[in-house]
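What follows is a set of notes on a single structure, which appears directly below.
No lab work stands behind these numbers, since they all come straight from the coordinates. In this text, all values refer to a predicted model and were calculated from it rather than measured experimentally. Reconstructed Cβ throughout: ideal geometry from the backbone, glycine too, with neighbour counts over all protein chains shown.
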Amino acid sequence: MAKTLTRKIIDEHIVQETPTEYGLKIDQTLTQDATGTMAYLEFEAIGLNRVQTELSVSYVDHNTLQSGFENADDHRFLQDIAKKFGIYYSRPGNGICHQVHLERFGVPGKTLLGSDSHTPTGGGIGMLAIGAGGLDVAAAMAGMPFNIPKPKVVGVFLKSQLNPWVSAKDIILEVLRRVTVKGGVGRIFEYTGDGVKTLSVPERATITNMGAELGATTSIFPSDEVTKAFLVAQGRQGDWKYLRPDEGALYDEIIEIDLSRLDPMAACPHSPDNIVPIKDLAGKSVDQVLIGSCTNSSLKDLMMVASVLKNRKVHPDTSLGIAPGSKQVLAMLAENGALTDIISSGARILENACGPCIGMGQSPRTGAVSVRTFNRNFEGRSGTKSAQVYLTSPEVAVACALTGRFIDPRELGDYPDIIVPDTFLIDDSMILAPAEEGSSVEVMRGPNIKPLPKRAPMEDTLELEVLLKLADNITTDDIMPAGSKILPLRSNIEAISEYVFSGIDEGFSAHAKKAGAGCIIARENYGQGSSREHAALAPMYLGIKAVFARSFARIHRSNLINFGILPVVIDEETYNTMEKGARIGLKNILSALSGKAGLDAYDVTTDKKISCAVPLSPREQDILKEGGLLNFIKSKVRG
């Protein structure tokens, strides 16, 4: 039977299979510093003295704004842990994890699990690359399979080629326009068709990166001659292999896109699927432009930006900041003179890090219009709640920076002739190899690095106060905000828990502690966005025992289960009748988690039965009964 590329890689990595799930062997893992400290504390708790993967890499790219000791302490902890347990360590300044992994470590046909939701970037090089919570990554580093619900495979057929000034960013914005931020749940998007060969690896990676905004499990491109040229340029031709779907492979769903018919587009505030053509925004003033992030910070992207800026000046009413994706990109821009063109235009050069994409610096002024080549524009994520953030291609962004307004970049004239070299500058001196034998390595732990909070095994009965009632598409930024004040607390759950839902209800943390045991009510796609497990771990610490929602985002649902929080599915009528302040009783929980009975839920005041369900795989049932994945792993070790 003809197979999709997705199916081929899955078949090569299946360790176990149930009617609803695949358990996959994970070849590579990555972490970043905002999630990594907790992931490695979790790995330590498992009790092994060495990672069991082919390759694991710890990147520092998120918490690089060091206004106190916390981030620097975490970085030293991460360096020591990596040396001790067999993990490569990418130092701060070496670049953004997804860009660097693509350049230096990604291998077609391998599986990659990362504690960052944009790990699917690796699909641009033909990897099956999946984002997950840190505890899932810790388990993978311990050699355990990673379980995913059996996905539908969506074939995205690309034909023709892009016109000048239209870019890969416009392709993924078109997919988002059609599918929406919740339409990719339970799906893998596999790109195919004649148009694929017209896209470079960085362009493919832009598309797979923002596939995360669809809610998709991952996205993937074939590994072809374009992939080979990229790996040859990186001095890694030995890692290349030819991978493609079989002729006649059948897909569960099909999307067809004629690349020649696409126009420059933008995602408007405050969602990546709020898409309009640039022509609809023409003339609107722009206060700030930021180019970079893991989505659009490759050499090709920034060479184009430099060519447009050459002998031109940034508009006096607009601020332009540019963050290269890696040290390699920055060094090559400096070597070929493009960096001089960028600086001479009046642009500000930012660190090779995530930076403003996660609210770490460059917050816009009050009410500003900010145009960004990033992947998310959730309200308040920029650090300024009143800011209007638009997501665009680098082509649109640089045109806005020059004119101070939204403008179709095609008005700038001929598209610049961008020549990407056949050989890239290779300098891996900022990637530190682990010790061959790590037992004698001392791990330094700063005072902000606190032990993991523990959750007891699941109770059979609960009485919960409804602490919040929320709408659709609640993000992990809504649940556990990021930014320069909060991110440094990622290794201190007690401290960071004070900020849970702080952008929605400032008194939430205190109220939750007083309630003793609580729950959340929400509608569709609860927990979309970042993979941050802190959006489950900190609520668990505050006593949240269940979330009742119409539907859940994939990664967050897994994180809830991993930390012993029940993900309860409700219908619209139930959502409409449940209110903040109500008390919900749950009975028969353990029987429900054994598949012997349904969950018995009722309104404590009226004794009226609440219609709900907890659809779980047998493995997820066992994890919840133990009170979370770490308890589950320890029970297996004890067994």
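If packing is taken as the mean number of other Cβ atoms within 10 Å per residue, what is the order of 257-270, 158-171, highest first?
Put in order of decreasing packing, that is 158-171, 257-270.
Across all C-alpha atoms in region 5-261, the radius of gyration and Dmax reach 18.1, 57 Å. Classify region 287-368 from the C-alpha gyration tensor, please: rounded if a/c falls under 1.5, else prolate or oblate depending on whether a/b exceeds b/c. Oblate shape, in that a/c is at least 1.5 and b/c is the bigger or equal ratio. When the alpha-carbon atoms of region 265-410 are used, the pair Rg, Dmax equals 13.8, 40 angstrom. I'd like the distance separating the alpha-carbon centroids of region 441-479 and region 358-382, in whole Å. The two parts, judged by their Cα centres, are 27 Å apart. If eta is 1.567 mPa s and T is 4 °C, what Stokes-Einstein diffusion coefficient results for the chain, Kirkwood Rh from Cα pairs, in µm²/s? Estimated via Stokes-Einstein, D reaches 52 µm²/s.
The alpha carbon centroids of region 230-303 and region 560-575 are separated by 34 Å. Farthest toward the positive end of the dipole of region 265-410, out of ILE278, GLY337, THR403, is the Cα of THR403, where the dipole comes from beta carbon charges about the Cα centre. On the beta carbon distance between THR461 and VAL15, with R0 = 60 Å, the FRET formula returns roughly 0.95.
Using a 10 Å cut-off on Cβ atoms, rank the peptides 541-548, 557-564, 197-204 from the highest mean neighbour count down.
557-564, 541-548, 197-204
If you take the Cα centroid of region 9-53 and the Cα centroid of region 583-618, the two points sit 31 Å apart. Put simply, when 113-123, 329-339 are sorted by average Cβ atoms within 10 angstrom per residue, most first, you get 113-123, 329-339.
Nearest 500 deg cm²/dmol is fine: what mean residue ellipticity at 222 nm does the chain get from its DSSP H runs of n ≥ 4 alone, each adding -39,500 (n - 2.57), divided by its residue count?
Helices in the chain give a 222 nm mean residue ellipticity of -8500 deg cm²/dmol.
For the pairs LYS169/LYS279; LYS609/LYS636; LYS110/LYS150; LYS469/LYS545, note any where the Cα-Cα span goes beyond 26 Å. From the list (LYS169/LYS279; LYS609/LYS636; LYS110/LYS150; LYS469/LYS545), the Cα-Cα distance tops 26 Å for LYS609/LYS636. Distances between placed amide hydrogens fall under 5 Å for VAL15 paired with GLY23, LEU24, LYS25, all partners being 5 or more residues away or on another chain.
With 10 angstrom as the radius, rank VAL57, VAL175, VAL569 by how many other C-beta atoms surround their C-beta, starting from the fewest.
Going from least to most buried by this count: VAL569, VAL57, VAL175.
Expressed per residue, the C-alpha convex hull volume of region 1-154 stands at 109 Å³.
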